[in-house]
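Presented below is the structure to which this report refers.
The values are calculated or read from the model by the stated rules, or taken from the named source; none is laboratory data. Given the structure is predicted, the values throughout are model-derived calculations rather than measurements. For neighbour counting, all protein chains shown are included, and Cβ atoms are generated from backbone atoms with ideal geometry for every residue, glycine included. The protein model used for the area step is the full one, side chains on, heavy atoms only, and it has no ligands, DNA or RNA in it. Shrake-Rupley method; radii C 1.70, N 1.55, O 1.52, S 1.80 Å.
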Amino acid sequence: MISRILVGVDGSDDGRRALTWAADLAGRLNAEVVAVHALGLLDRLTPGADLVPSESHRAEIMRIFEQEWCALLDDTTVPNRRLLEDGPPAMALLRVVEAEDVDLLVVGSRGVGGFAELLLGSTSMQLVQHANVPVTVLP
């Protein structure tokens, strides 16, 4: 039984599709959505924008995450929470999977990372390899 779905949200189109899919599934299963944005040392305020120091922009990033990137959750009856988690995306999401007793992890296949991400291995690939719950990767 799936009662809690974690979805990685980063402001990308793939992240938005993952959140939409997770919210739809949660509605069908009467499950909760836990939306998580991983906050590294540097972050983007919008996809494609220059990186900024996360700590000095934390409040602004939290507002954008909660009010813009997760706005579609406001139009649903799905129970949800929005968490800002410090650290690299894969590590942060895996920590929340454990801490929140998540049944399913949902992410987009590509986030806001660029070519460097491809060289190091994508977040979605790391999650598929290391998560102890089912992972759905949406293209």
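Here are the numbers for this structure:
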{"item": "Residue count for segment 47-63, restricted to those that are without any contact (Cβ under 8 Å) to a residue 12 or more places away in the chain and either open to solvent by less than 70 Å² (accessible area, probe 1.4 Å) or within 21 Å of LEU6 (Cα to Cα) (or both)", "result": "3"}
{"item": "Residues of segment 64-113 classified as in a strand (DSSP E or B) and open to solvent by less than 20 Å² (accessible area, probe 1.4 Å), total", "result": "5"}
{"item": "Selection count where residues are aliphatic (A, V, I, L, M), over 17 Å from ARG95 (Cβ atoms) and open to solvent by 40 Å² or more (accessible area, probe 1.4 Å), scope segment 26-46", "result": "2"}
{"item": "Residue ID - modelled with the lowest pLDDT, chosen from residues in segment 1-23 that are surrounded by fewer than 18 Cβ atoms within 10 Å (Cβ to Cβ) and aliphatic (A, V, I, L, M)", "result": "MET1"}
{"item": "Among (1) part of a helix (DSSP H, G or I); (2) within 19 Å of PRO139 (Cα to Cα) - the single one ALA35 does not satisfy", "result": "(1)"}
{"item": "Search result, residues across segment 1-41 that are of a type in the set (S, T, N, Q) and within 15 Å of the chain's Cα centre (by Cα)", "result": "SER12, THR20"}
